[in-house]
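Everything on this sheet refers to the single structure shown next.
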Amino acid sequence: MSSKDGSPISRRAWLGATSGVVAAGLLKTQADAFKLAAQEAPAVASDPTKVPGRVTSELGQRAPAEQPRRLTRAPALSSSSRTPLQDLYGIITPSDLHFERHHAGVPNIVAEEHELLVHGMVDRPMVFTMADLKRFPQVSRIHFIECSGNGGGAYNPNRMPTTASPQSLDGLLSTSEWTGVLLSTILREVGVSADASWILAEGSDAAMMSRSVPLEKALDDAMLAYGQNGEAIRPEQGYPLRLALPGWEGNANVKWLRRIEVTDRPTMTRDETSRYTDPLEGGTARQFSFVMDAKSIITFPSYPYVLPESGWWEIKGLAWSGRGKITRVEVSTDAGRSWSDAELQPPVLSKATVRFRHLWNWDGQESIILSRAIDETGYVQPTVQQLWEARGERTRYHQNNQRAWKISRDGSVTFGLGDLI
Amino acid sequence: MRRAGAVLCAVLVVGCSGSGESLAGGSGSVVSGVGGSAVITSLPANAPDRFDFGAAASDARVAMWDISVKPDGEGLPTGRGSVAEGQGVYLTYCAACHGATGTEGPNDRLVGTDEWDEWPSGQAVGNYWPYATTLFDYIRRAMPQLTPGILTSDQTYAVIAYILNMNGLVPDDAVMDATTLPAVEMPARDRFVVDDRVGGAAIR
């Protein structure tokens with residue numbers, strides 16, 4: 001704040017001057033008062049009960065002290081950014097913090113000009129505008145999207161430093177309420193051939209990112225999403241239209257969707273052959289490994305938090321499964337020797353993250369804490385040894401093994417996988 | 001039948017039988033027969049058979065946007081290109097990111113002839129890509145990275161011929177076109193298996 005001649009005005013002087021204005025009757029209307037407040041209110045009041053606050057605004061802002069950020073790698077066209085899991089509450093990811101994974105950058109698309117072509121083994125090849133798509137019966141559903149490469153660093157202790165946060169480990173995970181039209185509704189409209197068994201979904205980015213998807217999934221719970229958390233889907237998440245395949249690996253949820261081709265076989269695109277396939281022992285590679293297996297991660301305490309003292313702390317985290325609902329999350333505070341049921345915070349939704357909590361009385365000694373998720377199929381989140389045994393050490397995707405954190409006696413928390421193997 | 005062929009059929013069977021289960025078991029769902037097609041969907045009970053939203057897509061419109069190439073070559077355009085022609089295309093448009101010999105990077109390694117079990121890193125065309133047609137599909141979509149779509153069909157066939165030649169998969173005098181490209185035998189063709197993760201107690 002400064003006066004007309006540029007010299008700083010103290011807060012007390014400002015209050016006095018304002019009071020003078022009021023006392024002099026220069027504020028004729030309430031609008032004048034709001035205007036004055038908007039122009040003159042200090043950004044941070046030492047006593048907010050003694051100073052009028054800011055007036056309403058067209059667009060809200062985060063509190064100045066609360067500035068969570070995505071973690072970006074070096075700028076590149078084919079790159080990613082990660083959601084700050086350790087900074088968030090509940091299960092919904094703020095849309096501007098939803099993780100990114102682009103293969104050729106974020107395209108600029110004018111929604112009014114965007115069209116979806118649906119063709120191939122259909123009775124009526126059709127073109128839909130966004131207005132057309134929004135006119136169909138609408139659904140809103142809460143689902144996570146997770147990059148299949150999420151957590152690769154937790155698969156090999158040599159690849160991830162102990163100073164790894166939930167964000168750097170597993171930040172390619174986000175949850176939104178998606179709104180759109182069921183793909184089954186659109187496929188019903190165009191009439192799918194009885195001989196069809198796959199679709200190809202293609203994006204309108206500079207990679208024309210393309211994935212083949214079994215027709216079974218397309219007719220089950222696949223959505224064409226144009227809404228995210230109450231507003232239009234964000235450009236980084238596929239504006240104006242993305243394919244949403246609940247529970248399936250992120251890259252198959254094709255963004256900036258512009259074409260669906262109904263086929264009787266997979267197209268074998270680059271991103272389902274050379275990429276997003278999983279080399280196994282014995283010279284084979286798993287293909288079309290769509291479903292994200294059950295997984296969990298403790299987000300507090302985790303790096304970079306420090307517990308200032310021993311005593312009662314609530315262990316908090318997220319669990320999710322691409323096969324349905326999480327039925328149980330267990331927490332261990334003794335490096336996996338014993339396990340306790342964590343509390344699940346409703347809502348517990350299918351193919352969505354669920355928040356779990358476990359109250360813990362830390363005795364101040366070095367401790368290794370970890371969690372394991374169990375889903376409605378009975379699948380138990382495995383140890384890294386179990387995954388190595390099942391797959392070998394070459395896979396780069398679907399690394400859902402248990403995550404551990406080591407709490408040192410000074411309260412510092414570090415990624416603790418290496419302490420278990 | 002070759003191993004990957006069996007894999008593909010298994011995937012298809014899963015897809016088809018899965019749809020059947022959904023048709024039988026989907027509570028509250030509507031099974032709609034439209035034009036002889038069986039499609040399951042979840043719609044309000046009073047939904048019409050068709051909404052008639054959207055516009056018919058002409059053959060020309062479909063042809064303009066349908067750029068996908070199938071493993072059997074369906075979708076490949078006319079045109080042709082030789083290994084020799086492809087070298088120039090490669091050095092002009094590809095080498096800066098993939099290296100003079102397709103191994104140096106900084107972007108994805110294209111050339112690799114190591115045996116699978118010896119293969120250290122990078123999914124190269126010669127040791128990991130199961131279908132040669134994927135090269136055409138992908139290059140036409142996405143390459144060169146900064147100017148995607150700039151290559152003609154002839155140039156695309158040519159640079160594919162050159163990449164395949166660098167991988168030792170076609171001879172120096174090879175010419176790629178809509179007939180020869182799908183016929184290239186890819187070493188990794190039979191390596192891919194169906195995802196056997198199904199939930200439950202098994203860790204896979």
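The values are calculated or read from the model by the stated rules, or taken from the named source; none is laboratory data. Just so it is clear, the structure is predicted and the values come from calculations on it, not from any experiment. Cβ coordinates were reconstructed from backbone atoms using ideal geometry, including for glycine residues, and neighbour counts include every protein chain displayed.
Observations
- Single match in A:Ser197, A:Ser193, A:Ser95, A:Ser176 (criterion: in contact with a Cys (Cβ under 9 Å, 6 or more places away or on another chain), touching a residue at least 40 places away in the same chain (Cβ under 8 Å) and closer than 30 Å to B:Phe53 by Cβ): A:Ser197
- Output for the range A:258-274, where each listed residue is of a type outside the set (Asp, Glu), in contact (Cβ under 8 Å) with a residue 12 or more places away in the chain and assigned to a loop (DSSP other than H, G, I, E, B): A:Arg265, A:Pro266, A:Thr267, A:Met268, A:Thr269, A:Thr273
- Among residues that are more than 8 Å from chain B (Cβ to nearest Cβ) and either among the β-branched types (Val, Ile, Thr) or farther than 23 Å from B:Arg197 by Cβ (or both), A:Asn361 is included.
The rows are residues; the columns are (1) under 25 Å from A:Val106 (Cα atoms); (2) within 10 Å of another protein chain (Cβ to nearest Cβ); (3) surrounded by fewer than 24 Cβ atoms within 10 Å (Cβ to Cβ).
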residue: A:Val192; (1), (2), (3): no, yes, no
residue: A:Asp195; (1), (2), (3): no, yes, yes
residue: A:Ile199; (1), (2), (3): yes, no, no
residue: A:Val213; (1), (2), (3): yes, yes, no
residue: A:Glu216; (1), (2), (3): no, yes, yes
residue: A:Ile233; (1), (2), (3): yes, no, no
residue: A:Glu236; (1), (2), (3): yes, no, yes
residue: A:Tyr239; (1), (2), (3): yes, no, yes
residue: A:Asn251; (1), (2), (3): yes, no, yes
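- In the set A:Met126, A:Met130, A:Met160, only one residue is among the aliphatic types (A, V, I, L, M) and within 7 Å of chain B (Cβ to nearest Cβ); that residue is A:Met126.
- Here the range A:119-149 is the region considered, the condition is being touching a residue at least 60 places away in the same chain (Cβ under 8 Å) and assigned to a loop (DSSP other than H, G, I, E, B), and the residue that is surrounded by the fewest Cβ atoms within 10 Å (Cβ to Cβ) is A:Asp123.
- Note on the range B:62-74: residues that are surrounded by fewer than 18 Cβ atoms within 10 Å (Cβ to Cβ) and more than 8 Å from chain A (Cβ to nearest Cβ) amount to 4.
- Boolean, A:Val329 is among the aliphatic types (A, V, I, L, M), crowded, with 24+ Cβ neighbours inside 10 Å and assigned by TED's automatic domain parsing to the domain that holds A:Ser140: no
- Filtered by the rule that a residue be over 25 Å from the mean Cα position of the chain (by Cα) and more than 8 Å from chain B (Cβ to nearest Cβ), the range A:280-307 gives A:Glu281, A:Gly282, A:Leu307.
- Among the residues examined, B:Gly73 does not qualify as part of a loop (DSSP other than H, G, I, E, B), touching a residue at least 40 places away in the same chain (Cβ under 8 Å) and either out of contact with any helix residue (DSSP H, G or I) (no Cβ under 9 Å at 6 or more places or on another chain) or of a type in the set (Phe, Trp, Tyr) (or both).
- Inclusion of B:Ala158 among residues that are touching a residue at least 12 places away in the same chain (Cβ under 8 Å) and part of a helix (DSSP H, G or I) is warranted.
Residues checked against (1) of a type in the set (Asp, Glu); (2) closer than 26 Å to A:Glu249 by Cβ; (3) touching a residue at least 40 places away in the same chain (Cβ under 8 Å):
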| site | (1), (2), (3) |
| --- | --- |
| A:Gly317 | no, yes, yes |
| A:Glu330 | yes, yes, yes |
| A:Leu344 | no, yes, no |
| A:Leu349 | no, yes, yes |
| A:Val354 | no, yes, yes |
| A:His358 | no, no, yes |
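- Qualifying residues in the range A:60-104 (those that are within 14 Å of another protein chain (Cβ to nearest Cβ) and outside any loop (DSSP other than H, G, I, E, B)) - the one surrounded by the most Cβ atoms within 10 Å (Cβ to Cβ): A:His102
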